[in-house]
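Worksheet: one structure, shown below.
Coordinate-derived values only; no laboratory data. Everything numeric here is computed off the predicted structure, so don't read it as measured data. All Cβ positions, glycine included, derive from the backbone under ideal geometry; neighbour counts span all protein chains shown.
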Amino acid sequence: MFHIYCPYCEEHREEEEFHPKGQAHIARPEEPEACSDEEWGDYLFFRDNPRGIHHELWVHAVGCRKFFNITRHTVSYAILETYKMGELPRFTAEFPEGSLSEKVTTEAEAMSRQEGVKA
Amino acid sequence: MQRYSGFGLAKHALSHHENWERQWRNPTPKPQYDVIIIGGGGHGLATAYYLAKEHGIRNVAVLEKGWLGGGNTARNTTIVRSNYLWDESAALYEHAIKLWEGLSQDINYNVMFSQRGVMNLAHTLQDMRDVQRRVNANRLNGIDSVVLTPEQIQEIVPVMDCSKNARYPILGASWQPRAGVARHDAVAWGYARAADALGVDLLQNTEVTGFKIRDGRVFGVHTNRGDIEAKTIGCVAAGNSGVLAKMAGFKLPLESHPLQALVSEPLKPVLDTVVMSNHVHGYINQTDKGDLVIGAGIDGYNGYGQRGSYPTVEHTLQAIVEMFPIFSRVRMNRQWGGIVDTCPDACPILSATPVKGLFFNCGWGTGGFKATPGSGHVFAWTLAKNQAHPLAAPFSINRFHTGALVDEHGAAGVAH
Ligand SMILES: Cc1cc2nc3c(=O)[nH]c(=O)nc-3n(C[C@H](O)[C@H](O)[C@H](O)COP(=O)(O)OP(=O)(O)OC[C@H]3O[C@@H](n4cnc5c(N)ncnc54)[C@H](O)[C@@H]3O)c2cc1C
Ligand SMILES: [Zn+2]
């Protein structure tokens with residue numbers, strides 16, 4: 001059972017309140033009419049399916065009903081971070097540990113999140 | 001190959017069953033083969049068998065990173081049916097059922113194919129319309145399929161709650177009498193033994209870690225046991241297909257999800273058919289040993305962990321207990337997950353790829369066990385002739401760019 005931190009509610013809640021909605025950061029083509037069949041098919045159907053770190057779109061369906069992103073490992077299922085729409089992930093396949101300076105931010109944020117839970 | 005028979009069984013009883021031959025060899029990899037099959041599940045083993053048997057291509061290796069049949073082949077709920085909506089998929093799955101009907105004789109191995117009928121329940125008016133539409137389509141395609149009334153359903157499954165006040169009222173069902181279940185391990189082992197007897201090398205503990213590609217054409221693979229060469233390679237790796245495609249430098253329209261099942265303690269015979277409900281997402285049958293086999297839905301997120309989430313199991317069991325109050329006290333023995341390769345249109349991919357000589361057979365998702373013989377049969381044809389088998393042609397990867405999807409999703413009671 002996942003214990004998911006909603007970046008909007010600023011609380012950890014149980015998995016059943018959330019729905020996964022597939023790969024994150026997929027941009028709709030600016031001009032769909034101008035797409036080739038290849039480009040449009042790629043946009044609609046072709047997804048990253050990594051064995052490892054993956055960025056996913058989730059919705060807090062029976063909570064605030066907002067969409068947000070999760071970085072998760074698809075083998076261990078460990079949730080590395082959750083972040084708001086429009087933000088970028090700190091943990092990526094290239095930087096599975098996050099970079100040093102970013103780690104500090106993460107820790108600081110983890111602290112504030114704990115406070116969030118208590119509040 | 002030592003043939004199996006009733007007489008043989010009696011003869012071996014005299015020597016306390018201590019002198020049975022091993023079912024297949026454990027060869028060392030050769031540096032080169034005519035064809036390499038990646039993935040020793042049912043589909044890969046069936047492909048190798050039909051390559052050797054029907055096309056005389058016997059210099060073949062099956063590369064399996066674990067043990068034969070240890071993937072989804074050994075993890076599924078073994079439902080076999082062919083009552084799909086669209087002509088293309090109905091033809092493919094019906095081709096498989098026809099092979100199932102003679103399979104035990106063909107490979108001299110009892111795969112325990114039991115045509116006990118499969119029932120797909122309808123709980124809403126829309127379900128009912130879909131059932132009627134699908135049954136009509138099936139009949140036009142020559143597939144045995146009928147619509148049942150709640151009274152007929154109650155007669156076939158007396159222990160199911162078919163009353164009007166049920167939580168999920170049963171309005172009717174589709175019924176395919178020739179559908180049923182088979183013994184999943186026996187399918188893998190039977191194809192393995194038959195392929196081995198025709199000269200196919202089954203290489204277990206051999207994981208493909210990369211492809212050897214020159215000028216857009218494949219000529220071999222890297223493995224943990226060294227490089228092995230072949231000019232034709234068929235990849236049949238189910239949930240790991242996307243990982244292999246990435247190694248070869250292209251993407252597939254697949255996502256890998258955990259799918260779970262569970263079995264109960266053995267009971268006396270109580271259910272002699274297969275009951276499936278798409279609407280509440282539970283399906284159930286009873287094995288010859290007496291265990292209830294219950295299947296759940298997929299977890300919504302991607303995963304390779306071969307385990308699923310608790311809420312999914314709970315949801316399925318709630319539905320099963322509502323439909324079968326008599327099972328509410330049954331204890332579950334085991335629960336597990338497999339990684340299924342789901343495709344946007346819920347149909348498989350049987351296709352050439354951007355890399356010449358490299359073919360993929362994948363995307364069977366939650367429902368490929370039933371297709372095992374048919375999939376192997378048409379894929380072997382495709383590999384041998386370097387051209388899509390007519391039944392495989394609609395399932396080319398190109399359909400995701402041309403738009404010619406075979407959209408079984410939601411239409412075929414597509415669960416399994
Ligand atoms: C819980 C569950 C219930 C199901 N119920 C049904 C059902 O009732 N009816 C039905 O029709 N279908 C069902 N299915 C689906 C069905 O199990 C699959 O579609 C089918 O078994 C796929 O067979 P396969 O041989 O392609 O894959 P698998 O049996 O998974 O074989 C693929 C093999 O490839 C190997 N492999 C992967 N990567 C590599 C590598 N790099 N190198 C070497 N080897 C590799 C794996 O180890 C594996 O053994 C179910 C699946 C699950 C998980
Ligand atoms: Zn929230």
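Neighbouring Cβ atoms within 10 Å as the yardstick, rank B:LEU45, B:LEU358, A:LEU44 fewest first.
Fewest-to-most ranking of B:LEU45, B:LEU358, A:LEU44: A:LEU44, B:LEU358, B:LEU45.
Of the peptides B:186-193, B:214-221, how do they stack up when ordered by the mean number of other Cβ atoms within 10 Å, highest first?
Highest to lowest by the protection proxy: B:186-193, B:214-221.
Any idea what the relative contact order of the stretch B:16-111 is, in percent, if you count C-alpha pairs under 8 Å spaced at least 6 apart?
Here the relative contact order equals 20 percent.
Which aspartates and glutamates have a Cα less than 20 Å from the Cα of B:LYS231, not counting those fewer than 8 places away in the same chain?
B:ASP34, B:GLU54, B:GLU64, B:ASP201, B:GLU207, B:ASP215
Name the residues whose placed amide hydrogens come within less than 5 Å of the amide hydrogen of B:ASN278, ignoring near sequence neighbours (fewer than 5 apart) on the same chain.
B:LEU121
Computed FRET efficiency, Cβ-Cβ of A:ARG28 and A:PHE67, R0 22 Å: what is it to the nearest 0.05?
That gives a FRET efficiency of 0.95.
Hey, got the average number of other protein chain Cβ atoms within 10 angstrom for residues in A:73-79?
4
Given labels modelled 7 Å from the Cα in the Cβ direction, how far is it in nm from A:CYS35 to B:THR209?
If labels sit at A:CYS35 and B:THR209, their model points lie 3.8 nm apart.
Per residue of A:48-57, what is the mean number of Cβ atoms on other protein chains within 10 angstrom of that residue's Cβ?
Neighbouring Cβ atoms belonging to other protein chains average 5 per residue here.
Just to confirm my numbers, what's the Cα centroid distance between the stretch B:245-316 and the stretch B:102-150 in Å?
19 Å
So which helices of chain B fit the span-like rule, where a helix is a whole DSSP H run, its Cα atoms reach 15 Å or more along the axis, and its mean Kyte-Doolittle is at least 0.0?
What comes out of the filter, once short or polar helices are dropped, is B:310-323, B:372-385.
Using θ = phi - 60° and the Karplus form 6.51 cos²θ - 1.76 cosθ + 1.60, what ³J(HN,Hα) does each residue of the stretch B:330-345 get, whole Hz, x for Gly and Pro?
With coefficients 6.51, -1.76 and 1.60, one gets 6, 8, 8, 8, 9, 9, 8, x, x, 9, 9, 9, 7, 10, x, 9 Hz.
Short version: what are the Cα gyration tensor semi-axes of the protein assembly as shown, square root of 5 times each eigenvalue, largest first, in whole Å?
37, 32, 23
Could you calculate the contour length gain from B:THR402 to B:GLU155, that is, 0.36 nm times the residue separation minus the distance between their Cα atoms, to one decimal place in nm?
84.2 nm
What nm distance separates the two modelled labels at B:ASN386 and B:LEU14, each placed 7 Å from Cα along Cα→Cβ?
For the pair B:ASN386/B:LEU14, the computed spacing is 5.4 nm.
Tabulate in residue order the Karplus-calculated ³J(HN,Hα) for the stretch A:81-91, using 6.51 cos²θ - 1.76 cosθ + 1.60 with θ = phi - 60°, rounded to whole Hz; enter x for Gly and Pro.
5, 10, 8, 6, 4, x, 8, 10, x, 8, 9
Other chains' Cβ within 10 Å of B:238-247 residues: what's the mean?
For this peptide, the per-residue mean of nearby foreign Cβ atoms is 2.
Which residues' amide hydrogens lie under 5 Å from the amide hydrogen of A:ALA61, considering only partners 5 or more residues apart or on another chain, with H built in the peptide plane?
The list, which skips near neighbours in sequence, is A:PHE18, A:HIS19.
Please report the relative contact order for chain B, taking Cα pairs under 8 Å with a sequence separation of at least 6, and give it as a percent rounded to a whole number.
In percent, rounded to a whole number, it is 23.
Can you work out the FRET efficiency for the pair B:ASN224 and B:ASP87, with r the C-beta to C-beta distance and R0 = 45 Å, to the nearest 0.05?
Result of the calculation: an efficiency of 0.55.
Tell me what chain B gives for mean residue ellipticity at 222 nm when only DSSP H runs of n ≥ 4 count, each as -39,500 (n - 2.57), the sum divided by the residue total, rounded to 500 deg cm²/dmol.
Result for chain B, helices only: -9000 deg cm²/dmol.
Name every cysteine in the protein assembly as shown that ends up alone, with no second cysteine's Cβ under 4.7 Å, or say none.
That list is A:CYS35, A:CYS64, B:CYS162, B:CYS235, B:CYS343, B:CYS347, B:CYS362.
Which order do the peptides A:2-11, B:342-351, B:260-269, B:49-58 come out in when sorted by mean C-beta neighbours inside 10 angstrom, highest first?
B:342-351, B:49-58, A:2-11, B:260-269
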